[in-house]
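**Q** What follows is a single structure, and I will ask about it in a moment.
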Amino acid sequence: MSHLPVPQQDIDLILDATEPLFRNLRGSRIFLTGATGYTGAWMFSALVAANARWNLDIRIDALSRTPQRFIDKCPALGHAPGVTWHAGDVRFFNYPKGQVDRTIHIALDAIDQAAMGVKKIHETVVGGLERVLDFCESARVERMLYLSSGAVYGPQPAGMEFMPESYPGAPHPEVLGSTYAHAKRYAEHLCAHASRSESFDAPIARCFSFVGPLLAMREHFAVGNFIADALTEERIRVNGDGSPIRAFQYAADTTIWFLTILEKGVGGRPYNIGGDEPVSMAQLAERTRDILAPGKPIEIQKRDGAGAGGNRYAPDLTRAREELGLVNRVSLDESIRRTGAYCREQGLERWHTPATPTYAAPKRLVVDIDGVIASLVPDLDYAKAEPLTDTIDAINALYDAGTEIVLFTARGSASGIDWRPVTEAQMQRWGVKHHELRLGKPHADYYIDDKLITPTQMQNMAAEARKAKERGAI
């Protein structure tokens with residue numbers, strides 16, 4: 001399995017620890033979101049490797065915004081038997097057809113909040129999960145693993161060495177950088193509700209801090225920056241005063257824990273996931289230096305206020321140990337050594353190469369008119385309708401991005417009146433770009449469709465298309 005982006009020794013560690021879990025999944029179908037990110041790529045690699053080792057006939061439906069980039073980097077893995085790729089955004093992806101046994105919802109497991117923005121964070125975390133939960137119900141999924149975050153606790157109280165799942169704290173709503181935490185907190189509530197009211201279980205993995213191959217270097221992960229500095233720079237730089245404390249878990253252990261929680265975790269119940277050896281950022285920089293670049297100087301920036309308040313972020317792992325028998329197999333020092341060795345062998349940018357994000361416009365959209373493009377009129381005199389400009393702007397942006405727009409309306413289906421001349425004139429007057437106008441849609445109180453998206457979701461898609469056009473990706 002040398003084509004895997006994950007080192008073979010780590011694949012062996014994962015499979016040796018999870019063989020009974022994988023054998024229980026023989027013949028199953030698994031839907032994986034965020035399949036090409038840091039965490040998703042580890043999970044995807046483990047699934048493919050288990051399939052190959054034990055001939056399990058597991059079918060993997062992998063969702064990614066940019067699957068082709070992954071396939072180009074790892075063609076043998078990307079084209080592995082049993083894998084079907086789905087290009088799309090978790091907020092409005094097309095449902096894979098047929099029954100699915102397991103879902104692993106990883107999308108947006110770690111982000112740079114300032115770069116992403118408040119609105120998109122909420123839409124992706126909460127709106128994306130709502131769509132995944134709807135899919136799970138329609139596909140008769142038995143179990144879904146949801147990746148949450150230790151950020152849901154808010155600041156760790158002074159004097160609390162490890163944060164337990166029973167701690168009822170929460171981020172303060174006035175803290176502007178807490179959008180991700182609030183969104184994840186509500187998403188956990190949705191998983192708990194689904195586990196009690198739906199036909200599937202949704203255990204929760206509350207993720208803390210991680211390290212391992214494929215982690216982005218030179219981004220917003222301190223450990224990645226330290227490793228990159230140790231390998232390529234004259235000194236290791238520590239932003240702030242070096243006092244914040246974290247507990248890092250190695251990615252192979254993380255993957256083992258995820259698989260165990262997926263199969264054995266209680267629906268709606270959160271399990272902390274992370275390391276069991278807390279270190280300050282100054283200590284982490286020193287450990288990284290001693291392991292990867294002995295003698296290299298460390299520069300602590302000591303910015304005003306950085307590290308104030310005893311910034312500690314360390315999980316209590318008792319629940320995972322006692323209920324699921326989970327342990328961390330790879331020490332922090334070994335984690336740093338393995339990650340550094342991978343970066344030396346593959347290069348820092350082997351995996352996370354900075355690139356202009358690609359954009360894939362939906363190929364075809366069928367759009368209703370009344371209540372979407374035109375205002376609703378109580379007497380069904382459609383000539384009195386007014387344009388809904390936000391939706392029209394979104395339609396036009398998607399049209400310009402290459403999407404085929406088909407307008408489909410029930411005007412006249414109940415009354416028998418021919419509304420085509422009026423409708424065509426309105427679309428022309430309002431400037432609605434489209435390829436085809438169809439009348440004859442059956443009148444109904446409601447329409448049910450597994451590919452349904454709301455006007456707001458279409459506007460979100462259009463916003464992505466506009467940004468892509470601005471950066472020259474269309």
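The values are calculated or read from the model by the stated rules, or taken from the named source; none is laboratory data. Just so we're clear, the structure is a prediction, and the values are computed from it rather than from any experiment. Here the Cβ positions follow ideal geometry from the backbone for every residue, glycine too, while neighbour counts run over all protein chains shown. The accessibility values were calculated without ligands, DNA or RNA, using every heavy atom of the protein model including side chains. Shrake-Rupley method; radii C 1.70, N 1.55, O 1.52, S 1.80 Å.
**Q** Of the residues that sit in the range 84-99 and are part of a strand (DSSP E or B) and open to solvent by 60 Å² or more (accessible area, probe 1.4 Å), which one is modelled with the lowest pLDDT? Break it down stepwise before answering.
**A** The first filter runs over the range 84-99 and keeps only residues part of a strand (DSSP E or B), leaving 84-87.
Now restrict to residues that are open to solvent by 60 Å² or more (accessible area, probe 1.4 Å): 84, 87.
On the way: 84: 97, 87: 90.
The selected residue is 87.
**Q** Right, something else. Of all the residues that make up the range 380-419, how many are closer than 21 Å to residue 471 by Cβ, open to solvent by less than 60 Å² (accessible area, probe 1.4 Å) and assigned to a helix (DSSP H, G or I)?
**A** The number of residues fulfilling the criteria is 4.
**Q** Failed condition for residue 219, given (1) in contact with a helix residue (DSSP H, G or I) (Cβ under 6 Å, 6 or more places away or on another chain); (2) modelled with pLDDT under 95; (3) surrounded by fewer than 22 Cβ atoms within 10 Å (Cβ to Cβ), with all others met?
**A** (1)
**Q** Given the residues 66, 84, which is the only one that is touching a strand residue (DSSP E or B) at 6+ places or on another chain (Cβ under 7 Å), farther than 23 Å from residue 342 by Cα and polar (S, T, N, Q)?
**A** 84
**Q** Take the range 43-83 and flag every residue that is part of a helix (DSSP H, G or I) and surrounded by fewer than 19 Cβ atoms within 10 Å (Cβ to Cβ).
**A** Passing the criteria: 52, 53, 54, 68, 69, 71, 72, 73, 75, 76.
**Q** Can you tell me how many residues within the range 14-42 are under 18 Å from residue 329 (Cβ atoms) and open to solvent by 40 Å² or more (accessible area, probe 1.4 Å)? Spell out how you get there, then give the answer.
**A** Step one: filter the range 14-42 for residues under 18 Å from residue 329 (Cβ atoms), giving 14-22, 39, 42.
Now narrow it down to the ones that are open to solvent by 40 Å² or more (accessible area, probe 1.4 Å): 16, 19-20.
The qualifying residues number 3.
**Q** Just to be sure, is residue 141 at pLDDT below 95, farther than 20 Å from residue 210 by Cβ and not polar (S, T, N, Q)?
**A** Numbers: at pLDDT below 95: no; farther than 20 Å from residue 210 by Cβ: yes; not polar (S, T, N, Q): yes.
In short, no.
**Q** Would the range 72-82 turn up any residue that is modelled with pLDDT under 90, more than 25 Å from residue 26 (Cα to Cα), more than 16 Å from the chain's Cα centre (by Cα) and not β-branched (Val, Ile, Thr)?
**A** Yes, the range 72-82 has at least one match.
**Q** Further question: Considering only residues that are aromatic (Phe, Trp, Tyr) and either part of a helix (DSSP H, G or I) or more than 28 Å from residue 43 (Cβ to Cβ) (or both), which ones fall in the range 140-188?
**A** 153, 180, 186, listed by residue number.
**Q** For the range 176-190, state whether one or more residues are buried (at least 19 other Cβ atoms within 10 Å of the Cβ), of a type in the set (Ser, Thr, Tyr) and in contact (Cβ under 8 Å) with a residue 40 or more places away in the chain.
**A** Yes, the range 176-190 has at least one match.
**Q** So if I check each of 432, 422, which one is touching a residue at least 12 places away in the same chain (Cβ under 8 Å), in a loop (DSSP other than H, G, I, E, B), farther than 27 Å from residue 131 by Cα and among the β-branched types (Val, Ile, Thr)?
**A** Residue meeting the stated conditions: 432.
**Q** Starting from the range 9-32, take each residue that is within 20 Å of residue 63 (Cα to Cα) and list its partners that are among the hydroxyl-bearing types (Ser, Thr, Tyr) and not in a helix (DSSP H, G or I), counting only C-beta distances under 7 angstrom and pairs at least six apart or across chains.
**A** 31/103
**Q** Across the range 309-338, what is the total count of residues that are closer than 24 Å to residue 269 by Cβ and open to solvent by 60 Å² or more (accessible area, probe 1.4 Å)?
**A** Total satisfying the criteria: 5.
**Q** Please state which one of 429, 364 is in contact with a strand residue (DSSP E or B) (Cβ under 6 Å, 6 or more places away or on another chain) and open to solvent by 40 Å² or more (accessible area, probe 1.4 Å).
**A** On inspection, the qualifying residue turns out to be 364.
**Q** Answer yes or no as to whether residue 258 is under 18 Å from the mean Cα position of the chain (by Cα) and within 21 Å of residue 11 (Cβ to Cβ).
**A** Yes, satisfied.
**Q** Considering each of 164, 173 in turn, give the residue that is open to solvent by 10 Å² or more (accessible area, probe 1.4 Å) and either touching a helix residue (DSSP H, G or I) at 6+ places or on another chain (Cβ under 6 Å) or more than 23 Å from residue 264 (Cα to Cα) (or both).
**A** 173
**Q** Quick check on my filter: what residues within the range 435-462 are of a type in the set (A, V, I, L, M) and free of Cβ contacts under 8 Å to residues at least 24 places away in the same chain? Reasoning before the result, please.
**A** Narrowing the range 435-462 to residues of a type in the set (A, V, I, L, M): 437, 439, 444, 448, 452-453, 458, 461-462.
Passing the criteria: 448, 452.
**Q** Still on this model: Which numbered condition trips up residue 235, out of (1) open to solvent by 20 Å² or more (accessible area, probe 1.4 Å); (2) under 23 Å from residue 24 (Cβ atoms); (3) of a type outside the set (A, V, I, L, M)?
**A** Every listed condition holds for residue 235 apart from (2).
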